[in-house]
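Each value in this text was obtained by applying a stated rule to the coordinates, not by laboratory testing. Remember, predicted model here, so these are calculated numbers, not experimental data. Methodologically, a virtual Cβ is constructed for each residue, glycine included, from the backbone with ideal geometry; neighbour enumeration extends over all protein chains shown.
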Amino acid sequence: MKTSKLFATVLVIVLALCLLVGCGSSGSGSAAETKAETHDKPIIDINGGAACKMAYIPMGAGQEDFPVILKGMQEAIALYPNITLDTYDAGFNPSNQIDLMNECITQGVNVIFLNAMDATALNSTIAEAEETGIVVITINNGASGAHTAHIQNTTYDAGYDAAKYIAGITGKTGAKTVILDVPAELKLACLMGQGFEDYSKETGAFEILEDYAQTITSIEVGYQAASEVLTKYKDIDVLYCVNDNTAIGAAQAIDAAGREKAGIIIWGYSGTPGALDAIAQNKITGTSYSDPFYEGYAAMVSAMNFVQLGVVGAKLGNDFYANVMLPTKNVTADNVLETIRSAHWDMSAYNY
Amino acid sequence: MAEELILRTENICKSFNGIQVLKNVNLEIRKGEIHALMGENGAGKSTIIKIITGVYTKDDGEIYIDGEHVEINNRHDAAEAGISVIYQELSLVPELTVTENIFLGHEIMKRGLPDKKEMRRQVQALIDKYGFILQPDTLVATMGMAQRQMTEILKALSTEAKLLIMDEPTTSLSASETEQLFVTMEGLRERGTSILYISHRLEEIYRVTDRLTIMRNGEVVGVVDSKTVEADTVTSLMIGHELEKTGVRVPNINPDHYIEVKDLQLGNLLHDINFRAYGGEILGIGGLVGSGRTELVSCIYGAIKKYKGSITLDGKPVSRSVSKNIKAGFGMVPEDRRTEGFFPQLSILRNITISSYDRLSRGGIVNGKAETDHAEKAIGDYDVRPAMRRLPVQNLSGGNQQKVILARWLSRDVDVLILDEPTVGVDVGVKAELYVYMRRLADKGAIIIMVSSDLAELTEVSDRVLVLHNGTFFQEFRDHKATQQAVLLASSGVAAKEGEVL
Amino acid sequence: MKISQKFTRKLITLGLIVILSAIFALSAPSFLKLRNIQEILRVSAYTGIICVGVSFVLIGGGIDLSSGGIICFSGIVACRLACLGLPWPVVLLVAVVIGAACGFFNGWVITRFYLNDFITTLATGFVFTGFGLLTILKDESGTLMSQEIKNKGFLLLGKHISGFYYIVIVWVVLTLIAWFIQTRTRYGLHTYAMGSNSKSSEMSGVNVRRMKISTFTICGACCAVAAVFTVAYQTTAYLSLGSGMGFNAVAACVVGGVMLGGGKGDAVGAFLGAIFMTLVNNGMYKYGLDTSWQYVFQGAVILIAIMSDAGFAAFTARRLKALAEKANAEEALLEAQARAKGGNA
């Protein structure tokens, strides 16, 4: 899949959703039809050149994909001098995020983008923001309370597609596989493992030896988990990891174990700079790649549409209004260089 | 000049804030002798030492080392001149070995790294030369006090010191350790090192020194040969002209009101302490610094709890809790008012009332007016200056700080008052005032126990003096019979004819 | 004559607050909005209630960095109890008892084993956070669950009454009570004595050990109160609740004139310090500064506050010294005159 194609898909999905919302009152059967509150006129007439204030509150300035998401947002408003976007650093503390939400409400911003630190703690401020007519959009890390939209990369489909791709490489049934999965409480939000297992069940391409849950996603933890798995099972064909750091750690563990590297397929998720580099160097086989740039872009385009159409998700019931799932693509050594060239990540630390 | 002089000072003068503390001090120390320096507290011993070692600069006078004129402006100059000091508190690092301590700060380097072998070799050579009982690799933390002192001496010798100054080196040593140190000192003398030895203890002076310089009020009052001089001569030189007693007061002693201490024992410091202190009298406790005086009164007050024996007030046991004792009418003016007496940032008012909230508060809530009245009255009664109750006590002079602490107790009419060095750093005028307040309290029938190193104060103010020596009472002086000389002799374990040996 | 040093010191913090507010009000239009002021007060109250407790410990010559851990533990307990549907007074009481117990433990460990407050409370802070982790809701596989409180009565604690959040009212009341205790009761005055010189207070009959334990206990209880109201506002408790609050509260107290090392300052100062710290944060957001510059700005303003404190301390010391000298000289003069007169007569 070409990048431009991916981009186009994103836009189509976003626009479709927004249209759906716009016609919410007349539509039927979807989530949008519930009690969608639509205004006759825009919250802010962005296209008419009226000033619109937006704020982005990531978990903290150190959040890895924050600069890339921000780049995507800025790209989307490049042609709108009337839109301002400020960012705030919550220092990975839910209390600070609450204070910052309040600050944004006080300042009277029109849109708040949020990577929520806690799914519950921010609910009351989110509700307050929406009641005052602010569009709240969560990215990747959502909140359980009602708000206008949530944007994230697909997880179930990513797992399913990766399984399909890996089955193509192994070309056999019953390939011995261990999934290095997220802990149970995150399984509802991170369905990669589920997608992978479902594909396996449908086709019998894999024999899942273990669904290994690990609590922290870091290279060290991936290394330890993989080492443990490698000593436990003599024969492994596939290590499916639900994030990139785990995959990189697993590759190091295999190196350390001195086994034939080519024999084991290692797969990651999300496509961080480190993972792309590892793929280019043949350390890991592949990853379900997505560019956070498009999350930012999609979030911003959605926001602009909601504002222009006069839609705020408050009072829509207990669930968020629009759930935007962005597709991922399988990146392996075959297409990694092309991907790196088009990626919006800061790859300056690597020589490409 | 008959003998070669290692150190000669000529007319050294020094003043602090316009008060002259040294007047034309001439000190002569010969090569290879142990020379003692004696004098009462405040005689100027430590000031002259600090000038020789470069801690203070002299106002006037000259210093000659080996007959050559030298300028000593800082510690470095003194070290260059070959003068080393062994302080009371040793400056060794316990976590390092003997060798590491000796070379600390001037390690022998080889290719950028300390040359441990060479350093060890040099230390071993030094040990062999002086015949010390030491191992170069022993950790200082594992050694006894005497050995630590040897290490300190070795450290001084390693820099080729010609003159060692030892300031009260035996205060923290046991009898056998002291003897060990003396043997070491004698060994050094044989090898030509001079030692300037500062001590209060007469018996040590006789035991180990050759000559003796005595100072009084910032002046040298005598240089004598230690081997031949009489103890009386030394003490009278130290004290000077004994003041005539200004009429003997007859204290109105109440024989039914007393504190009794029976068979008190505290670690190795105090043993077999038995005495009574009666209402109406001021009981003085004398003895050398470190003889256990402070600890003895701390036991009575309850600040030290782990003693053996019994302390009773009118037959009832005295509590081992300070707050209970205060409620029962006790009060204490501690030795070091800065660390144990007052509260520097708090006002005069709070410093006075702090122990009286049992009376000034109801249900825990302080009656502001009563508190102010109490403090104002005390400030007036005991003439605290400046009479500003909100002024933090750290801004007062030493004498007025002491008045505040005294006022804290006197204002609540204490029944038992313990004073530990009540007039250190207090000027003469205020001193006399404090004595009046103490006397007035005694006349009201209170029990007063006063510890003091100031012999004039001890003999003048107390109605009765008990002298501590070697951890127990050595002599008692009744009916104002104590003279400064007698007390000083008794402190060193020499029985004076005025007192009864206990 | 009057030496109203304590009052003047508060004027400095107050002055800084006014200056900062003026700058923000002039340059950021949203600053003076009613909602913003409510928000500043709400956030200040959270820090401020902790500061009330911390001020006791600091005045008594100690330091408590475990506040964050106590908030975390007692907050999570409160959240779990509230989810069980218990009425709010019960939840509040249990949380406060737990907070006080944590504080008591701090004081007991420090006095019993003669430990250093700084390191000990840093360590116990981790322990209490660990207790929080043990208490927090988990599913069968042991993973943490975010629990939303639906207990209407309890959630009331997080609400406001005509614009005044309950936490703000509690903050003001607690500050006044603490101020009364510190300046008008035997207990409070003994705290100052202990902070000024603990050896002297022992010699003056203050039970230093008991006092020290009690200051830590008060601090723990205050942390729990802050935690309960914050949990009610946020409708949940999570593991990072209270993180960073230990240092923050100490800093706020110091800005408000409570002296590190003890003996000086009071709860009203800590009150102002809490407002100051919140104000700095709040105002900073208004400028849309780069994150790195936000930190620099925040640090710089706190530095200015501490520096003016030091400057004031030096100034007062000089002034008091001059005052004492002058008074002495005057009295000496009067005395000389009196003596001269007496001589003439």
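Between C:THR47, C:THR235, C:THR217, find the one with the highest GNM mean-square fluctuation for chain C; connect C-alpha pairs within less than 10 Å.
C:THR235
Using a basic spin-label model with each label point 7 Å from the Cα along Cα→Cβ, how many nm lie between B:LYS444 and B:GLU160?
Here the answer is 6.7 nm between the modelled labels.
Determine, for C:THR124, C:THR135, C:THR191, the number of other Cβ atoms within 10 Å of each Cβ, and report the residues in order from fewest to most. Before the final figure, lay out the partial values.
On the way: C:THR124 24, C:THR135 18, C:THR191 29.
Ascending number of Cβ neighbours within 10 Å: C:THR135, C:THR124, C:THR191.
When a footprinting reagent is the concern and you count Cβ atoms within 10 Å, what order do A:THR177, B:THR142 take, fewest first? All intermediate terms of the calculation are to be shown ahead of the outcome.
Values: A:THR177 26, B:THR142 9.
Result, fewest neighbours first: B:THR142, A:THR177.
Report, as an integer, the average count of C-beta atoms from other chains found within 10 Å of each Cβ along B:319-331. Don't jump to the answer; show the numbers that get you there.
Values: counts 0, 0, 2, 8, 6, 1, 1, 4, 1, 0, 0, 1, 3.
Average neighbour count from other chains, rounded to a whole number: 2.
For region B:275-350 and region B:420-484, compute the distance between their C-alpha centroids and round to whole Å.
When both Cα centres are located, 15 Å separates them.
With +1 on each Lys and Arg Cβ and -1 on each Asp and Glu Cβ, how big is the dipole of the protein assembly as shown about its Cα centre, in debye rounded to the nearest 20?
That gives the protein assembly as shown a dipole magnitude of about 2940 debye.
If you average the alpha carbon positions of region A:199-214 and of region C:257-282, how far apart do those two centres end up, in angstrom?
59 Å
Roughly speaking, what is the stretch gain from B:ASP137 to B:ASN74, that is 0.36 nm per residue apart minus the C-alpha to C-alpha distance, in nm to one decimal?
So the chain would gain 19.5 nm between B:ASP137 and B:ASN74.
If you project the alpha carbons of chain C onto their three principal axes, what span does each projection cover, largest first, in Å?
98, 53, 37
Helix B:398-410 versus the longest principal axis of chain B: what angle, 0 to 90°, nearest 10, using Cα atoms?
On a 0 to 90 degree scale, this one is about 40.
So what's the angle, to the nearest 10 degrees on a 0 to 90 scale, between helix B:116-130 and the longest Cα principal axis of chain B?
80 degrees
Please give me, ordered by residue number, the GluC sites (Glu not before Pro) of region B:175-267 that lie in loop per DSSP and have at most 16 other Cβ atoms within 10 Å.
Passing sites in region B:175-267 are B:GLU230, B:GLU242, B:GLU244.
Label-point separation (nm) for B:ASN11 and C:LEU84, each offset 7 Å from Cα along Cα-to-Cβ?
Going from the B:ASN11 label point to the C:LEU84 one covers 9.1 nm.
Express in % the proportion of alpha carbon pairs of the protein assembly as shown at distances exceeding 61 Å.
In whole percent, the share of Cα-Cα pairs in the protein assembly as shown beyond 61 Å is 35.
What fraction of the DSSP beta bridges in the protein assembly as shown is antiparallel, stated in percent and rounded to the nearest 5?
Expressed as a percentage, antiparallel bridges in the protein assembly as shown total about 45.
Of C:GLY257, C:GLY132, C:GLY48, which has the largest mean-square fluctuation in a 10 Å C-alpha GNM of chain C?
C:GLY132
What do you get for the angle between helix C:186-196 and the principal long axis of chain C? Use alpha-carbon atoms, 0 to 90 degrees, nearest ten.
80 degrees
Taking every pair of alpha-carbon atoms in region B:91-161, give the share separated by more than 16 Å as a whole percent.
40 percent
Quick one: dipole size for region C:111-227, taken about the Cα centre, charges +1 on Lys/Arg Cβ and -1 on Asp/Glu Cβ, in debye to the nearest 20.
With Lys and Arg at +1 and Asp and Glu at -1, about 440 debye.
For C:LEU11 and C:VAL172, calculate 0.36 nm times their separation in residues minus their Cα-Cα distance, and state this gained length in nm to one decimal. Numbers along the way, then the final one.
Values: separation 161, 0.36 × 161 = 57.96 nm, distance 1.85 nm.
Here the answer is 56.1 nm.
Can you check how the C-alpha radius of gyration of region B:42-159 compares to 2.2 N^0.38 Å, as a plain ratio?
So the Cα radius of gyration is 1.22 times the expected 2.2 N^0.38 Å.
If each of B:LYS31 and B:ALA328 carries a label point 7 Å out from its Cα toward its Cβ, how far apart are those two points in nm?
According to this spin-label approximation, the distance is 6.5 nm.
Tell me the relative contact order for region C:40-282 as a rounded percent, counting alpha carbon contacts under 8 Å between residues six or more apart.
On the way: 482 pairs, mean separation 104.4, N = 243.
Computed value for region C:40-282: 43 percent relative contact order.
Could you put A:TRP267, A:TRP345, C:TRP88, C:TRP293 in order, starting from the residue whose Cβ has the fewest other Cβ atoms within 10 Å?
By the 10 Å Cβ count, ascending, the order reads C:TRP293, C:TRP88, A:TRP345, A:TRP267.
If R0 is 45 Å, what FRET efficiency do you get for C:ASN328 and B:ARG191 from their C-beta distance, rounded to 0.05?
0.20
Using a Förster distance of 51 angstrom, determine the FRET efficiency expected from the C-beta separation of C:VAL127 and B:GLU500, and round it to 0.05. Could the numbers behind the result be given before it?
Numbers: r = 62 Å, r/R0 = 1.22.
It comes to 0.25.
Using +1 on the beta carbon of Lys and Arg, -1 on that of Asp and Glu, and nothing else charged, what's the dipole of chain B about the Cα centre, debye to 20?
1820 debye
Output the peptides C:147-153, A:84-90 sorted from most to least packed, where packing is the average of other Cβ atoms within 10 Å over each peptide's residues.
A:84-90, C:147-153
Efficiency by 1/(1 + (r/R0)^6): what FRET value for B:TYR206 and B:SER91, r their Cβ-Cβ distance, R0 = 35 Å, to the nearest 0.05?
Step by step, r from the Cβ atoms, then E = 0.75.
Could you work out, residue by residue across C:184-190, how many beta carbons of other chains sit within 10 Å of that residue's beta carbon, and then give the average as an integer?
For peptide C:184-190, the averaged partner shielding equals 6.
Given the options C:VAL18, C:VAL208, C:VAL268, state which has the largest fluctuation in a GNM of chain C using a 10 Å cut-off (strictly under) for Cα springs.
Evaluated over chain C, the most mobile residue of the options is C:VAL18.
Scan region C:71-163 for chymotrypsin sites (Phe, Trp or Tyr not before Pro) in coil per DSSP, keeping those whose Cβ has at most 15 other Cβ atoms within 10 Å, and list them by number.
C:PHE113, C:TYR114
May I ask you to derive the relative contact order of chain B, considering only C-alpha pairs under 8 Å and at least 6 residues apart, and to give it as an integer percent?
14 percent
Do any chymotrypsin sites (Phe, Trp or Tyr not before Pro) in region A:155-250 lie in a DSSP loop with no more than 16 other beta carbon atoms within 10 Å, and if so, which?
A:TYR233
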